[in-house]
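> Could you have a look at this structure, given as structure tokens, before my questions?
The values are calculated or read from the model by the stated rules, or taken from the named source; none is laboratory data. Because the structure is predicted, anything quoted here is derived from the model rather than measured. Note that each Cβ is placed from the backbone with ideal geometry, even for glycine, and that neighbours are counted across all protein chains shown.
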Amino acid sequence: MLNATFLYITCQIGAEPALKREIAARYPDFRFAYSRPGFLTFKLPADRALKADFRLESIFARAYGFVLGKVTAESIEERAKAVYQLTGEQPFTLMHVWPRDQYTPGHHGYTPGMNEHSAAAREAILAAWPESDPRRGWLTQPPREKPGQLVLDVILVGPNEWWVGYHFTAGYVSRLPGGLQSLLLPPHAVSRAYLKMQEALAWAQFPFEADQQAVEIGCAPGGASQALMEAGLLVTGIDPAEVDPVVANDPRFHHVRKRGADVQRREFRKTRWLTADMNVAPQYTLDTVEAIVTHPEVEIRGLLLTLKLLDWDLALMLPEYLERIRGWGYRDVRARQLQFNRQEICVAALHGGKSRPPRRDSETRSEQPRKTRKFAKGKRK
């Protein structure tokens, strides 16, 4: 395998400073080299070779890999030929081609993802690839779920500027071109939160069982709850605001018109999955969730939490936030800025077994109300 000297990283536009700080803290010997909005490169230390299956473990990196080179020819055909020349004899079995983000998510309806330019670039590269090269047969096939495959990466950074690199497939995200899911908002979805939850569920890979009970704190108008119900869950949405009638009238959904902090904690006793997406500071979200999951009568298996970075400087607090969640008994804690996130991140936390989160010292059974209405009792409206 080639001895790469640079690493490329793609991210959401606007997240570059947070990503740079993250890399500087975790890898102080990586030297920042080049950037465009949403695309950065770092020079790797000459005295420390990275393994081919190197894991960056970054919250803000959407995709990353080793750099082979840059092509800047005027025509798409010339750029495609230059890509082939950079591949040498490396045994690539997949090819990912994707565009750098053009705007922040939600800007005039913009969503990061594939477009006509990435489709045209892929076709041009395949057309320039000699029929006699046996790798061409692999590159034209659909992606496979097998880990450890060598992927040729082509990032469309500018109109005439492509960066070429490679990575090895490992987890789910590394098998997606640019870490980008191909999701479209269906006509029945009542809000963009539907896509955000769909992406989060695909990334988290939680072991849901049919008709398990989930709670969504901050559910209005109900798009994320729709995605949870389509995943087979019964959903209780907590939000003082109104929910779209399409969701409110679904028999698998029950609406509690309160703030999350105002709901009796014992009412979560049959809840197995909890999600929260509130437009508040991360500290408030974590305070609300902690009061629920540390209650002695509550046993929630997994969490999907959206932490709003109302100020990018809050990214400096993320290690502390994640450690706090681990302190509740959730040992499998991951964080990622999703494709459909805006200035926020998603945290997935899962219990490894049946053990409960530790109870808060301030709580005892005698301090809790003896009788409360259960979410799961009676018909779900």
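> What is the number of the single condition among (1) assigned by TED's automatic domain parsing to the domain that holds R79; (2) charged (D, E, K, R); (3) surrounded by fewer than 18 Cβ atoms within 10 Å (Cβ to Cβ) that D211 does not meet?
(1)
> Got at least one residue in region 339-356 being at pLDDT below 95, among the aromatic types (F, W, Y) and part of a helix (DSSP H, G or I)?
No; the residues of region 339-356 include none that is at pLDDT below 95, among the aromatic types (F, W, Y) and part of a helix (DSSP H, G or I).
> Now for a different question. Here are P37, P17: which of them is closer than 25 Å to T111 by Cα, loosely packed, with under 15 Cβ neighbours inside 10 Å and touching a residue at least 24 places away in the same chain (Cβ under 8 Å)?
P17
> Could you tell me which residue of region 272-328 is nearest to W203 (Cα to Cα), considering only residues that are of a type in the set (V, I, T) and in a helix (DSSP H, G or I)?
Top of the filtered list is I325.
> State yes or no: is S118 crowded, with 17+ Cβ neighbours inside 10 Å and not basic (K, R)?
yes
> Being among the small types (G, A, S), in contact with a Phe, Trp or Tyr (Cβ under 9 Å, 6 or more places away or on another chain) and outside any loop (DSSP other than H, G, I, E, B) narrows it down to one of G148, G113, G165, so name that one.
The conditions single out G165.
> Can you go through Q85, Q90 and tell me which one is free of Cβ contacts under 8 Å to residues at least 40 places away in the same chain and over 30 Å from I345 (Cβ atoms)?
Matching residue, one of Q85, Q90: Q85.
> Of all residues in region 244-277, which are buried (at least 21 other Cβ atoms within 10 Å of the Cβ) and either in contact with a Phe, Trp or Tyr (Cβ under 6 Å, 6 or more places away or on another chain) or under 16 Å from Y194 (Cβ atoms) (or both)?
V247, F253, E267, T275, D277 - these are the residues of region 244-277 that are buried (at least 21 other Cβ atoms within 10 Å of the Cβ) and either in contact with a Phe, Trp or Tyr (Cβ under 6 Å, 6 or more places away or on another chain) or under 16 Å from Y194 (Cβ atoms) (or both).
> Working carefully through the options G171, G165, find the one that is over 16 Å from N341 (Cα atoms), under 25 Å from the mean Cα position of the chain (by Cα) and at pLDDT 95 or above.
Testing whether each residue is over 16 Å from N341 (Cα atoms), under 25 Å from the mean Cα position of the chain (by Cα) and at pLDDT 95 or above leaves just G165.
> Then there's this: Of everything in region 217-259, what is without any contact (Cβ under 8 Å) to a residue 60 or more places away in the chain, among the small types (G, A, S) and not in a loop (DSSP other than H, G, I, E, B)? Give them in sequence order.
Hits for region 217-259 are G223, A224, S225, A227, G237.
> Working only within region 24-69, note down all residues that are in a loop (DSSP other than H, G, I, E, B) and β-branched (V, I, T).
Within region 24-69, I59 is the sole residue that qualifies.
> For region 193-213: of the residues being of a type in the set (G, A, S) and out of contact with any helix residue (DSSP H, G or I) (no Cβ under 8 Å at 6 or more places or on another chain), which is nearest to L305 (Cα to Cα)?
Only one residue tops the list, namely A200.
> Also, I was wondering about something else. Of everything in region 188-205, what is crowded, with 18+ Cβ neighbours inside 10 Å and under 14 Å from A348 (Cα atoms)? Give them in sequence order.
Across region 188-205, the qualifying residues are K196, M197, Q198, E199, A200, L201, W203, A204.
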